[in-house]
Amino acid sequence: MDIKSAVLQLSSIAQEARLEIFRLLVQAGPEGLPAGSISESLSIPASTLSFHLKELSHAGLINSSPVSRFIYYSANYEVMNGLLAYLTENCCAGAIDCGPGSTCNPK
C-alpha cells in the first residue's frame, strides 16, 4: 500500500456516519446488507446514505453487488486488512508483534 491510498481510505472513514456504516458492514460479514437495512439500522436518510456509500466505495473500503432489485454492500476485508497492516507494519521498530489480535504497547 502507498501513502496516497492510506490517506484516501482513512479520510473516507474520518466522518461519523461513514465510520458507523463501515463498522456495521464489517459486523455484517461477507454477505453484507442491502442499502435499506443500512439506512434503517443507522437512521440515515437514503439520499444521505447514497453519498456516504459512494465515498466508501471510491476509497475501496466497501463493495456493492446487485441482488434482484436490491444493492447489497459489504466491507472489503482485503483492503481493510491492508490498511491495518500498513498502519502497523513498523510498530515499535519491529520489536513488538502488532499483528491482528495483538496490541502495540511500547514500554
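The values are calculated or read from the model by the stated rules, or taken from the named source; none is laboratory data. This is a predicted model, so every value here is computed, not measured. Neighbour counts are summed over all protein chains in view; Cβ atoms, including those assigned to glycine, are modelled from backbone coordinates with ideal geometry. The accessibility values were calculated without ligands, DNA or RNA, using every heavy atom of the protein model including side chains. Shrake-Rupley method; radii C 1.70, N 1.55, O 1.52, S 1.80 Å.
Given the criteria surrounded by 15 or more Cβ atoms within 10 Å (Cβ to Cβ), more than 12 Å from the chain's Cα centre (by Cα) and polar (S, T, N, Q), does S5 qualify? When the stated conditions are applied, S5 passes them.
In region 1-96, counting only helices (runs of 4 or more DSSP H) that sit wholly within it, the ones holding 3 or more residues that are free of Cβ contacts under 8 Å to residues at least 12 places away in the same chain span 3-12, 16-28, 35-42, 46-58. Please find, within region 83-93, the residue that is modelled with the lowest pLDDT out of those that are more than 18 Å from L19 (Cβ to Cβ) and open to solvent by less than 60 Å² (accessible area, probe 1.4 Å). Of everything passing the filter in region 83-93, C92 is modelled with the lowest pLDDT.
Report yes if E78 is at pLDDT 95 or above, surrounded by 13 or more Cβ atoms within 10 Å (Cβ to Cβ), among the acidic types (D, E) and under 23 Å from V7 (Cα atoms), otherwise no. No, not satisfied.
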